[in-house]
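Colleague: Okay, here's the structure, questions in a sec.
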Amino acid sequence: MSAQKKAANLDEYLKAPSLFGFGIGRIMTIVLMVLLFILPLIAWYMGNKFYLDFSSRIVCLAIAAVSLNLILGFGGMVSFGHAAFVGIGAYAVGIPSHHGYESAWLHFPLAMIAAAFFALVTGAISLRTKGVYFIMITMAFAQMAYYFFLSLEEYGGDDGMTLWSRSDFGFLNITDKLTFFLLSYALLALCIYLVFRIVNSRFGMVVRGCNSNEARMKSLGYNTYAYRLTAYVISGAMCGLAGALMANLQDFITADTMTWTRSGELMFMVILGGAGSVFGPIFGTGVFLLFEEILSAYTIYWHLPFGVLLILSVLFIKGGVNGLIQRAWKT
Amino acid sequence: MTEMLLQVKGLKKSFGGVIATDDVALDVRLNEVHAIIGPNGAGKTTLISQLFGEQLPDAGSVFFKGKDITKLPIYKRADIGLARSFQVTSVFLDFSVLDNVALAVQAHSGHSFKFWKPASTEIQLRGDAMQALVQVGLDERASSKASELSHGERRQLEIAMALATDPVFLLLDEPMAGMGIEESAFMVGLLKGLKKGRAILLVEHDMNAVFELADRISVLVYGRIIATGTPDEIRENAQVREAYLGEA
Ligand SMILES: Nc1ncnc2c1ncn2[C@@H]1O[C@H](COP(=O)(O)OP(=O)(O)OP(=O)(O)O)[C@@H](O)[C@H]1O
Ligand SMILES: [Mg+2]
C-alpha cells in the first residue's frame, strides 16, 4: 500500500458531521421542529391563545432538556438536580425585578452566570463521585437550593413571587405572547445548534469519550475531571436560560420549580425521547407536556401512568423513542 | 552506557494480605525491550499500573528520565511520553476505529477546550490517527465501529492507540493475548520496529515472542523479581526454570 493511496483515502474520513444530513433521526428532528413552529402559529391565527402559551412552555422546557441532554446523554452524567438551574434562572429574573431592575439584558446574562456558578461549585464536588452517588449528590444540592429560595421571605418564600412585568428587551416586547414564543423558539434552535457543535468538537469528543470509557481517557492523558466539569457548567448556564424564560412565561416564580420531582421530569423527557440524540429531548419534552395536559384532566394521579410508561421504555426500548425509530428505520 | 529511561526502586504494594509487588527494582533503557514474565497472579499488571500511576505504591519510587514520577497524575504522564496498553482491551466501543485513535492523538496535540470546530475535520488528528492504524495494519477498518472488531483486531486497535501519542516509553500488558499465530507474528515484527528511539516494557505470556523481542527479561514470581538477565541467561537460570519455565 502506497503512502499516496493513504493520503488520498484520508479525505473520506475528514467529513464534518451535518445537522441536516440524511438519516431518520435528522428527518424526525426537522419534522418536529417544523410542527413545533407551525402548529402554535395556526392556533394563534385562529385566535386560540392557550395553545400558543402551551407551545411556549414546550419550547422553554425543551431548552432545559437539551441542556440536560448535553451532560446526561452525551456525557453520561446523570444529574438529578437540573431543576435547580431552572429555578436559579427564574429567580435571576424575579429578584432584580422586585428591586426595579427590569432589563432583560441584565436578567438573562445574570440567569446564565448564576446558574453556571452554581454548576461550577456543586459540579466541582459532585463530579468527584460516580454512579448512584453522583445522582444522589446532585439531587441533594438541588434540594439545598430549593430550601434556600423557599426561606427567602423577601422574595415570596413558599408563596412564590409574581413577576409584575416581563423582562424588558427594549426593541422586543415579550409581553406579547407571539413575540415571546418566537424568541423562545429562536433560543431553542440556537441551543440545539450549540449543543450539536459542542458534541462534535474536540471538547465534545472528550466528553463523550469520558462517557464511553473514562479510565481509558485518563490513561490517554486527559484530565477528565476538568472536561466533565466544564460540560456541567455549560449545561447549567443553558438551563439557567430556560429558567429565565419560564419565569417570564408564567409571570410567576416559585421555588417549587426546583424540587427533585421537577428534576426527575426533566430526566424523563431526555431519557424517554432518547438520551444522546438531537431529537430525543425535544420529542420527550413535547410528549411529556402533552401527557401531563391530557392525563391531568382525568386524574390528579397522572404521574402514575406516565411513570409506568417511562419504566417500560427504559426497560424495553434502548435509546428511548429515538432508538426505537432508528431501529425500525433500519429493518 | 545507553540512556536510562525508567528506574524503579523498592516498589511495594499489597492488597490486604496479598503482596502483589514485593520490593521491586527495575530499569529500562532507551532502545530496549525489557520483558516481564511470570505466572498468573504474579503481579505484572499491578506493576504496570503503578508505573503508569493508576495505582499508588505503598512504598518505593519510580523515576523517569531521572525525575521522580511516583505520584505524578496519569494525565501528566502521558504528556511526558508514557503510554500503556491494557491486558483487557479497553477501547471506546461506541466510537469508530478512527475516532478511537484520533482521540488518542488529540490528547497530545494541545488542549481540548475547543468547542466549535468539528474534530472530524482536523487534518492533523485524522492523519496521525490513520498513520497509527496503517502501522498496526488496521487501516482498512477505520470507519467500522470498535464494537464490530474481532478480538484480535481490538488488540491491534489497543496498540494503535498507544502508538498514536508517539510515546517514548511503552508499557504493554500482554499485547499478544488472544491473538492468532499470524497476528502475533505481525505484532512481533511491529514491536521490533518500534524499539528504536523508544523503550518498551513488555508483559507477555507468549514465550516465543518474549525470547524473540526482549533484550532483557525479568522474572516476577509472587510479586518479587527472582531474576533479571538476557534471554540466554534467563533460559539457563535454574531458579527460573523451576519456578516458571519448568511448568511449560
Ligand atoms: N485491586 C485489587 N484488589 C485486590 N487484589 C488485587 C487487586 N489487583 C490485583 N490483585 C491481586 O494481586 C495479585 C497480582 O495481580 P495481577 O493482576 O497484577 O497479576 P498478573 O501477574 O497481571 O496476572 P495475569 O498473568 O493473570 O494477568 C493477584 O493475587 C491479584 O488477585
Ligand atoms: Mg495481568
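The values are calculated or read from the model by the stated rules, or taken from the named source; none is laboratory data. Note that this is a predicted model, so its numbers are computed, not measured. In this analysis, Cβ positions are derived from the backbone assuming ideal geometry, glycine residues included, and neighbour counts consider all displayed protein chains. All accessible areas refer to the heavy atoms of the entire protein, side chains included, with ligands and DNA or RNA removed. Shrake-Rupley method; radii C 1.70, N 1.55, O 1.52, S 1.80 Å.
Colleague: Looking for something out of contact with any Pro (no Cβ under 9 Å at 6 or more places or on another chain), closer than 23 Å to residue B:175 by Cβ and not in a strand (DSSP E or B) - is there at least one such residue anywhere in the stretch B:20-27?
Modeller: Looking for residues that are out of contact with any Pro (no Cβ under 9 Å at 6 or more places or on another chain), closer than 23 Å to residue B:175 by Cβ and not in a strand (DSSP E or B), one finds none in the stretch B:20-27, hence no.
Colleague: Further question: List the helices (runs of 4 or more DSSP H) that sit entirely inside the stretch A:222-324 and contain at least 1 residues that are in contact with a Ser or Thr (Cβ under 7 Å, 6 or more places away or on another chain).
Modeller: Where helices (runs of 4 or more DSSP H) fall fully within the stretch A:222-324 and carry at least 1 residues being in contact with a Ser or Thr (Cβ under 7 Å, 6 or more places away or on another chain), they are A:224-250, A:260-273, A:279-298.
Colleague: Filtering the stretch B:200-222 down to residues that are within 16 Å of ligand 1 (Cβ to nearest atom) and assigned to a strand (DSSP E or B), which residue is surrounded by the fewest Cβ atoms within 10 Å (Cβ to Cβ)?
Modeller: Step by step, filter the stretch B:200-222, then rank; the result is B:221.
Colleague: Here's a follow-up. Taking the conditions exactly as written (assigned to a helix (DSSP H, G or I), open to solvent by 10 Å² or more (accessible area, probe 1.4 Å) and closer than 29 Å to residue A:173 by Cβ), does residue A:88 satisfy them or not?
Modeller: yes
Colleague: Residues of the stretch B:27-65 being within 16 Å of ligand 2 (Cβ to nearest atom), among the aliphatic types (A, V, I, L, M) and more than 14 Å from chain A (Cβ to nearest Cβ), which ones?
Modeller: Within the stretch B:27-65, B:35, B:36, B:37, B:42, B:47 qualify.
Listed here are the residues, each with its yes/no results for (1) touching a residue at least 60 places away in the same chain (Cβ under 8 Å); (2) open to solvent by less than 10 Å² (accessible area, probe 1.4 Å).
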position	(1), (2)
A:47	no, no
A:58	yes, no
A:75	yes, yes
A:96	no, no
A:122	no, yes
A:131	no, no
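Colleague: Further question on the same structure: Given the conditions (1) touching a Ser or Thr at 6+ places or on another chain (Cβ under 9 Å); (2) within 14 Å of chain B (Cβ to nearest Cβ); (3) aromatic (Phe, Trp, Tyr), and given that residue A:193 satisfies all but one, which numbered condition is not satisfied?
Modeller: (1)
Colleague: Still on this structure, please answer the following. Are any residues in the stretch B:75-92 within 16 Å of ligand 1 (Cβ to nearest atom) and either farther than 23 Å from residue B:219 by Cα or at pLDDT 95 or above (or both), and if so, which ones?
Modeller: Initially, the stretch B:75-92 is screened for residues within 16 Å of ligand 1 (Cβ to nearest atom), giving B:84-90.
Of everything in the stretch B:75-92, those that are within 16 Å of ligand 1 (Cβ to nearest atom) and either farther than 23 Å from residue B:219 by Cα or at pLDDT 95 or above (or both) turn out to be B:89, B:90.
Colleague: Return yes when residue B:112 is among the hydroxyl-bearing types (Ser, Thr, Tyr), open to solvent by less than 20 Å² (accessible area, probe 1.4 Å) and either within 24 Å of residue A:198 (Cα to Cα) or more than 7 Å from chain A (Cβ to nearest Cβ) (or both) and no when it is not. Write out each step before concluding.
Modeller: Values: among the hydroxyl-bearing types (Ser, Thr, Tyr): yes; open to solvent by less than 20 Å² (accessible area, probe 1.4 Å): yes; either within 24 Å of residue A:198 (Cα to Cα) or more than 7 Å from chain A (Cβ to nearest Cβ) (or both): yes.
In short, yes.
Colleague: In the stretch B:66-105, which residues are without any contact (Cβ under 8 Å) to a residue 60 or more places away in the chain, in contact with a Gly (Cβ under 7 Å, 6 or more places away or on another chain) and within 9 Å of chain A (Cβ to nearest Cβ)?
Modeller: Within the stretch B:66-105, B:73, B:74, B:75, B:77, B:79, B:92, B:103 qualify.
Colleague: Does residue B:79 meet the test of being open to solvent by 50 Å² or more (accessible area, probe 1.4 Å), touching a strand residue (DSSP E or B) at 6+ places or on another chain (Cβ under 6 Å) and away from ligand 2 (no atom under 16 Å from the Cβ)?
Modeller: No, not satisfied.
Colleague: Here's something else I'd like to know. Of the residues that sit in the stretch B:166-189 and are away from ligand 1 (no atom under 16 Å from the Cβ) and open to solvent by less than 20 Å² (accessible area, probe 1.4 Å), which one is nearest to residue B:49 (Cα to Cα)?
Modeller: If we take residues in the stretch B:166-189 being away from ligand 1 (no atom under 16 Å from the Cβ) and open to solvent by less than 20 Å² (accessible area, probe 1.4 Å), then B:170 is nearest to residue B:49 (Cα to Cα).
Colleague: Regarding residue A:231, is this residue within 17 Å of the chain's Cα centre (by Cα) and open to solvent by less than 20 Å² (accessible area, probe 1.4 Å)?
Modeller: Against the criterion (within 17 Å of the chain's Cα centre (by Cα) and open to solvent by less than 20 Å² (accessible area, probe 1.4 Å)), residue A:231 qualifies.
Colleague: In the stretch A:20-36, which residue that is under 17 Å from residue A:281 (Cβ atoms) and not hydrophobic (A, V, I, L, M, F, W, C) is modelled with the lowest pLDDT?
Modeller: Once the filter is applied, the top-ranked residue is A:25.
Colleague: Among the listed residues A:221, A:204, which satisfies the condition of being within 11 Å of chain B (Cβ to nearest Cβ), buried (at least 18 other Cβ atoms within 10 Å of the Cβ) and at pLDDT below 95?
Modeller: After applying the criteria, what remains is A:221.
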